[in-house]
Amino acid sequence: MKKKDNEKQFDVTVIGGGLTGKLMVTLLIKSNIFKKNKLCWINTEKKISKDKRVSFINFKNFFKLENDYKINFLTNHYLKINKIQIHNTDEIKPLCLEDEVGHGVVIRNDILKSSLIVSEDDLTVYKSKVISTSYDEFLRYLILENGMKINTSLVLSADGNLSPVRNMSNINFIDHDLDHTIISGYLNTNNFDSNTAKQIFLKDSFIGLLPVSKTVVNFVWSLDNQTLNKKVNFEYYDEISERLNSFFSKYNVNFNQTELQNKKLQIYPINIKYVQNPFKKRLALIGDSAHSIHPLAGQGFNLSIEDCFHMMDCIRNATKIGKDFGEISVLTEYSKLTRSRTNFITFITTILFYVFKKKNNFVNKMINVGLKNIEKTSLKGIFKILARGY
Ligand SMILES: Cc1cc2nc3c(=O)[nH]c(=O)nc-3n(C[C@H](O)[C@H](O)[C@H](O)COP(=O)(O)OP(=O)(O)OC[C@H]3O[C@@H](n4cnc5c(N)ncnc54)[C@H](O)[C@@H]3O)c2cc1C
């Protein structure tokens, strides 16, 4: 039957123009498995990325992106992290994780995105949202807001934490509200080692600090909603500077507000989403649509990178033996490959969130005794696995 003008057929369609969607598209193009006219990308994002957040990419994933997938990162675009320090209220000294090879790198999300070079000649791009989906034995169908109908053997959906596609296709998930708000932005600093990342656990909040230069740090501040809601006009910069300056006064490190261009804050509610089986017929979830975790260990995008690597392995193995890569057995294999790391990271970050969301001095004292002992035991390895990725 002749296809209508508003109907097109592809092998693989990627949904989402965030970090995961763009990475997946880049890897698919670089693999040369599919003809250009058989790849489709549904990307409603603007050309210039406004994502001013910063990501920590662990060493293993960074190495694989550079060496196996030949993604070129300029050395002045990232900072290497060799040391991670975990600080706690009333500590004697921080738990210090050093790694000669390096735990990983810190890179700005907009720079990371522009290092993934995708040309519109490499595939077909649609700039309209997916509004519904259905399937039969051979194809998945996507209807876009502009009336286009996409018929495709496999959909890889990187449509984020709220994932409309996950809802449209009835994929079950657990949604848990942590009653914290995430605030991300930049601060000026002095005496902050630009190869060290820090996680600070305070009484009402946690602060992750990633260096972006010798004098600027990016912060990810996870703040208890009860504290946030107590004040009518909550002055984020004053409040975070006050907390950090009081905590770091004994270390002679200072923080204050940055110049205007870096002042805009990004503020989100934080919900954990756990998806046990991130697939349905001819559809797999990748990135935040497949797992949303607390950012305290900087591992959310790392899990997404691993989703893309595993999906590429599954597609490559299937096509090598002439198997239909959209078949359910291929998607089951993808789910098996991603499950253990996703479960481990979701479990550990959630446990750490609740352990450190302590409310009284006794619990805090016990945590400090615990952290001191971890310094001498193999438990330190868990923090290293978290940071480095293996
Ligand atoms: C403050 C903060 C700091 C973080 N720091 C780190 C870190 O240091 N290291 C780390 O590894 N991770 C970190 N993370 C996690 C990381 O940022 C995310 O995991 C990652 O950005 C998720 O990218 P994504 O592409 O999966 O989703 P998103 O960025 O949410 O992208 C979703 C895309 O889908 C599109 N979309 C949605 N609905 C539709 C539709 N119906 N049709 C078509 N398109 C649609 C959207 O327009 C968007 O382009 C952090 C997260 C936060 C909140």
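Values for this structure:
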{"read-out": "Residue-normalised accessible area of region 148-251, given per residue in Å² at a 1.4 Å probe", "value": "41"}
{"read-out": "Under 14 Å, Cβ to Cβ, from ILE174 - net charge with Lys/Arg +1 and Asp/Glu -1", "value": "0"}
{"read-out": "Of LYS230/LYS263; LYS36/LYS70; LYS36/LYS127; LYS8/LYS60; LYS64/LYS323; LYS203/LYS250, pairs whose Cα-Cα distance is over 28 Å", "value": "LYS8/LYS60"}
{"read-out": "Net lengthening on full extension, GLN226/SER114 (0.36 nm per residue, minus Cα-Cα)", "value": "36.5 nm"}
{"read-out": "Difference of contour (0.36 nm per residue) and Cα-Cα distance, SER194 to GLN9", "value": "61.7 nm"}
{"read-out": "Rounded to 10°, Cα long-axis angle of helix 328-356 versus longest principal axis of the chain", "value": "20"}
{"read-out": "Highest average packing first - 54-61, 72-79, Cβ atoms within 10 Å", "value": "54-61, 72-79"}
{"read-out": "Computed helical MRE - 222 nm, the chain, DSSP H runs ≥ 4 contributing -39500 (n - 2.57), nearest 500", "value": "-10000 deg cm²/dmol"}
{"read-out": "Inter-centroid distance (Cα atoms) of region 111-177 relative to region 40-75, Å", "value": "19"}
{"read-out": "Projected label distance in nm at SER246 and LYS46, using a 7 Å step from Cα toward the beta-carbon", "value": "3.8"}
{"read-out": "Size of charge dipole - region 140-257 - debye, nearest 20, with Cβ of Lys, Arg +1 and Asp, Glu -1, no other charges", "value": "280"}
{"read-out": "Accessible surface of region 166-217, 1.4 Å probe, proportion on carbon and sulfur as whole %", "value": "48"}
{"read-out": "Zero-based 10 Å bins, Cα pair distances in the chain, whole percents", "value": "5, 22, 31, 24, 13, 5, 1, 0"}
{"read-out": "Highest-fluctuation residue, ASP68, ASP122, ASP90 considered, GNM on the chain with Cα pairs under 10 Å", "value": "ASP68"}
{"read-out": "Tilt relative to the chain, helix 19-31 - C-alpha long axis, 0 to 90 degrees, to 10", "value": "50"}
{"read-out": "Share of carbon and sulfur in the accessible heavy-atom surface of region 25-149 [1.4 Å probe, %]", "value": "50"}
{"read-out": "Radius 10 Å from Cβ of PRO269, net charge of other residues (Lys, Arg +1; Asp, Glu -1)", "value": "-2"}
{"read-out": "Folded to 0 to 90 degrees: helix 236-248 orientation relative to the chain principal axis, Cα", "value": "50"}
{"read-out": "Förster radius 22 Å - calculated FRET efficiency between VAL125 and TYR69, Cβ distance, rounded to 0.05", "value": "0.60"}
{"read-out": "Mean Cβ count within 10 Å, highest first, over the residues of peptides 165-172, 10-17", "value": "10-17, 165-172"}
{"read-out": "Hydrodynamic radius by Kirkwood, which averages 1/r over all alpha carbon pairs of region 154-237, in angstrom", "value": "15.8"}
{"read-out": "Accessible area of region 59-137 divided out per residue, in Å², using a probe of 1.4 angstrom", "value": "53"}
{"read-out": "Contour minus Cα-Cα distance for MET148 and VAL363 (0.36 nm per residue)", "value": "71.7 nm"}
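The values are calculated or read from the model by the stated rules, or taken from the named source; none is laboratory data. Computed from a prediction, not measured in an experiment: that's the story for all the values here. All Cβ positions, even for glycine, are placed from backbone atoms using ideal geometry, and neighbour counts span all protein chains on display. Note: areas computed on protein heavy atoms with side chains; ligands, DNA, RNA excluded. Shrake-Rupley method; radii C 1.70, N 1.55, O 1.52, S 1.80 Å.
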